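The values are calculated or read from the model by the stated rules, or taken from the named source; none is laboratory data. The structure presented is a predicted model; accordingly, all values stated were derived computationally and were not measured. A quick note on method: Cβ atoms are made from the backbone with ideal geometry, for glycine too, and the neighbour counts reach across all protein chains shown.
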Amino acid sequence: MSTTTSAEQTGKEVAGGELLLETRGLQRYFPVTQGIIFQKQTGAVKAVDGVDLSLHAGETLGVVGESGCGKTTTGRLVTRLDEPTAGSISFLGSDISHLSRAKMRPFRREIQMIFQDPFSSLNPRQTVGTIIGAPYDIQKVKTETGTKKAVQTLMERVGLNPEHYNRYPHEFSGGQRQRIGVARALALRPKLIVCDEPVSALDVSIQAQIVNLLEDLQEEFGLAYLFIAHDLSVIRHISDRVAVMYLGKVVETADRDELYNHARHPYTHALLSAVPEADPDAEDARERIRLTGDVPSPLNPPSGCRFRTRCWKAQEICAAEEPPLMQIGAPGHQSACHFPEERDVV
Amino acid sequence: MTESVTSAPPADTRAGKPFLEVKDLQVHFPTDDGMVRAVNGLNFTLERGKTLGIVGESGSGKSVSSLAIMGLHKGSKAKVTGEIWLDGAELVGMSVPEMRALRGQQVAMIFQDPLSAMHPFFRVGDQLTEAFLVHNDAPKAVAKKRAIELLDRVGIPSPDKRFFDYPHQFSGGMRQRAMIAMALMCDPSLLIADEPTTALDVTVQAQILDLMKDLQKEFNSAIILITHDLGVVAKMTENVVVMYGGRVVESGNVRDIFYRPEMPYTWGLLGSIPRVNRSGDGRLKSIRGTPPSLINLPKGCPFQPRCDYQEHVEGANCSTELPELLQIGQEQHRVRCHIKSEERRQLFTEQIKPSL
């Protein structure tokens, strides 16, 4: 584990806002048990294993990685939909990592979430008005104009027709449903919204609409986003800083352009070179790093560096010693590799 | 207008017929709410060893057309009209048993979601050998040998052991490889890949795409690649068909589509995607509105309700007259738009290109 906190080194130069969220050594192991009555733990899925993140007000932190790298679990831990097995999450200075439901409630006003699948994240039996108004009900917030008016203002803001207040989710298209999800997250004017793959289920033209909407809202309300996605192009477009995760760990983090232009970790290189560009000539000219195999099981991750089983640079030390996240190159650029790349790709 | 006004289906100038030719294909589904016009007059040709990309949003009719080529609408309520010529045989009028003899043998398909496309109760090996045994009068041992060979070819480690696994024991990438192996069991000459990598991670996607390219070289098969990912299209295809509202709105070779697109919808698509190789400041050029309902398709140009360039049209009404798919220039570049070609080119170079 790295002892350096990325907050002190990076955040302040990037965004001037106050430190909103900080996680230290965040860990979530899911126990694997055997037996029915006398269950005994036989192992643990190390979904998130020591993640340090920091996020400032008004900033977007992109978290990117392949499926199974722990990015969604990280998002669920930050919103406290799940409890970490170790490590701490502090939000505006207070430790929220093990708060009870009741004590967590005031913080829920500040931290909201947008989910991936706009089809399963909205209750089909509730009208849009009820869905978007639910945060007001739960938090017992009285708005000046009354809940209905407030909801309709929100609907208008996210590009929905306020007259559709009494409609049900199935009457909306995927993009419109995602707008409902955005309106719901926005209702309590949170400081932080965790976006878990908010656009990956949408068509390209609709995806662009939602990305633009999220950017506009960020500017208008000074929101901070923890933007979780597997699409490197979307992450590059929307993020100020990016953290690349692999098997439960952050392997590289840097400012957006620094990361995309001067990636140092071999895994980041591999990821970037795997993305097909929408440019046939560039596609033909590109040299590619072909990774072989799949991500190892988080039940039994490789010793030392977790990427070593697929890495073309791996040597003995990679199996023996886990590389810490270390400052490399530009300020705020940290990479966890024994043999960081010198050259730039992409 | 352009010098050569050809609204006829793209004819291949070389001797003989093209390997695959789709002529005026229409697929309509009668439903309680009305007729769903999923595909309205699709034309394209494809040669062996080439890849055709079909691009479009959900509901543009791209998957439905591919199912029509596979003959998978037979026996359903769908009304399929038009002609599909594959290597001299016409598929639309073909009977179910005839089609069955062809399917898996000459035409094979790779589906988007390998978890739901494979049967969870049967071993991967049995599913692979099934089609082979149906089409070939060969002993099981031969089929098994072939299956193991192909599993090995698509990069599945210890294929002789994996042959006996169930689909759930495979990871997502491995399942997709197994699907490709399954599709290749009978050396099909036409492979239809419907969003083959959409469910996969980028690194695995790169492996699968490379694999498909290698296998295409090896087997000289024709591939129809259906996807909404323009990056995949740029990497894989020679020719592209852009579909919208069940119609082709632009088609041409991949460089025409990416560097000289003339249809406002294609401009919108290209502007919508964030680029991984460029710093992402500024807004994405999204297309306003949503795709049309296939039951109530707009009367004129299907893209008209979302189009921002209608003021450049002269002498035609976008909302009532459907523009023809006209060829521009000498190559196979075709565009369906009322705006004059010179003006479109000017619009693209002046307004669209700088912001891409």
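Summary of values
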quantity	calculated
Qualifying positions in the stretch A:159-198 - outside any helix (DSSP H, G or I) and either more than 14 Å from chain B (Cβ to nearest Cβ) or touching a Pro at 6+ places or on another chain (Cβ under 7 Å) (or both)	A:167, A:168, A:187, A:188, A:189, A:190, A:191, A:192, A:193, A:194, A:195, A:196
Selection from the stretch A:65-92 of residues that are of a type in the set (A, V, I, L, M, F, W, C), within 25 Å of residue A:259 (Cβ to Cβ) and part of a loop (DSSP other than H, G, I, E, B)	A:69
Out of B:206, B:181, B:193, sole residue that is within 13 Å of chain A (Cβ to nearest Cβ) and small (Gly, Ala, Ser)	B:206
Failed item, numbered, when residue B:97 is tested on (1) more than 27 Å from the chain's Cα centre (by Cα); (2) part of a helix (DSSP H, G or I)	(1)
Single residue of A:142, A:191, A:148, A:103 found to be among the charged types (D, E, K, R) and surrounded by 20 or more Cβ atoms within 10 Å (Cβ to Cβ)	A:191
Set B:158, B:171, B:116: member being surrounded by fewer than 22 Cβ atoms within 10 Å (Cβ to Cβ), more than 26 Å from residue B:20 (Cα to Cα), small (Gly, Ala, Ser) and under 22 Å from the mean Cα position of the chain (by Cα)	B:116
Subset tally (residues that are touching a residue at least 60 places away in the same chain (Cβ under 8 Å) and among the β-branched types (Val, Ile, Thr)) for the stretch A:22-55	5
The stretch B:183-215: number of residues that are crowded, with 21+ Cβ neighbours inside 10 Å, in a helix (DSSP H, G or I) and touching a residue at least 60 places away in the same chain (Cβ under 8 Å)	2
Subset of the stretch B:255-264 (residues that are within 17 Å of the chain's Cα centre (by Cα) and within 25 Å of residue B:82 (Cβ to Cβ))	B:257
Selected residue (criterion: modelled with the highest pLDDT) from residues of the stretch A:258-310 that are among the acidic types (Asp, Glu) and surrounded by fewer than 18 Cβ atoms within 10 Å (Cβ to Cβ)	A:281
Every pair of residues 6+ apart whose Cβ atoms lie under 6 Å, when the first sits in the stretch A:285-304 and is more than 13 Å from chain B (Cβ to nearest Cβ) while the second is surrounded by 15 or more Cβ atoms within 10 Å (Cβ to Cβ) and among the polar types (S, T, N, Q)	A:302/A:309
So residue A:314, is it aliphatic (A, V, I, L, M), away from every other protein chain (no Cβ under 14 Å) and either touching a residue at least 60 places away in the same chain (Cβ under 8 Å) or part of a loop (DSSP other than H, G, I, E, B) (or both)	yes
Residue match in the stretch B:128-136 (condition: surrounded by fewer than 19 Cβ atoms within 10 Å (Cβ to Cβ) and either in contact with an Asp or Glu (Cβ under 8 Å, 6 or more places away or on another chain) or within 17 Å of residue B:151 (Cβ to Cβ) (or both))	yes
Residue, farthest from the other protein chains (Cβ to nearest Cβ), within the stretch A:199-225, restricted to residues that are in a helix (DSSP H, G or I), of a type in the set (A, V, I, L, M, F, W, C) and more than 27 Å from residue B:244 (Cα to Cα)	A:221
Residues (closer than 17 Å to residue B:18 by Cβ, surrounded by 21 or more Cβ atoms within 10 Å (Cβ to Cβ) and in contact with a Phe, Trp or Tyr (Cβ under 9 Å, 6 or more places away or on another chain)) located in the stretch B:46-64	B:46, B:52, B:54
Within the stretch A:17-45, considering residues that are part of a loop (DSSP other than H, G, I, E, B) and closer than 17 Å to residue A:91 by Cα, the one modelled with the lowest pLDDT	A:17
Boolean, residue A:228 is away from every other protein chain (no Cβ under 11 Å), β-branched (Val, Ile, Thr) and closer than 22 Å to residue A:207 by Cα	yes
Hits in the stretch A:227-251 - residues which are under 20 Å from residue A:215 (Cβ atoms), of a type outside the set (Gly, Ala, Ser) and outside any strand (DSSP E or B)	A:230, A:231, A:232, A:234, A:235, A:236, A:237, A:238, A:240
Residue in the stretch A:247-255 that is touching a residue at least 40 places away in the same chain (Cβ under 8 Å), more than 13 Å from every other protein chain (Cβ to nearest Cβ), of a type outside the set (A, V, I, L, M) and surrounded by fewer than 24 Cβ atoms within 10 Å (Cβ to Cβ) present	no
Residue B:59 being in a loop (DSSP other than H, G, I, E, B) and closer than 20 Å to residue B:190 by Cα	no
Failed item, numbered, when residue A:120 is tested on (1) out of contact with any Pro (no Cβ under 8 Å at 6 or more places or on another chain); (2) part of a helix (DSSP H, G or I); (3) away from every other protein chain (no Cβ under 14 Å)	(2)
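Okay, residues lined up against (1) within 17 Å of residue B:204 (Cα to Cα); (2) in contact with a helix residue (DSSP H, G or I) (Cβ under 6 Å, 6 or more places away or on another chain):
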site: A:206; (1), (2): no, yes
site: A:215; (1), (2): no, no
site: A:230; (1), (2): yes, no
site: A:261; (1), (2): no, no
site: A:278; (1), (2): no, yes
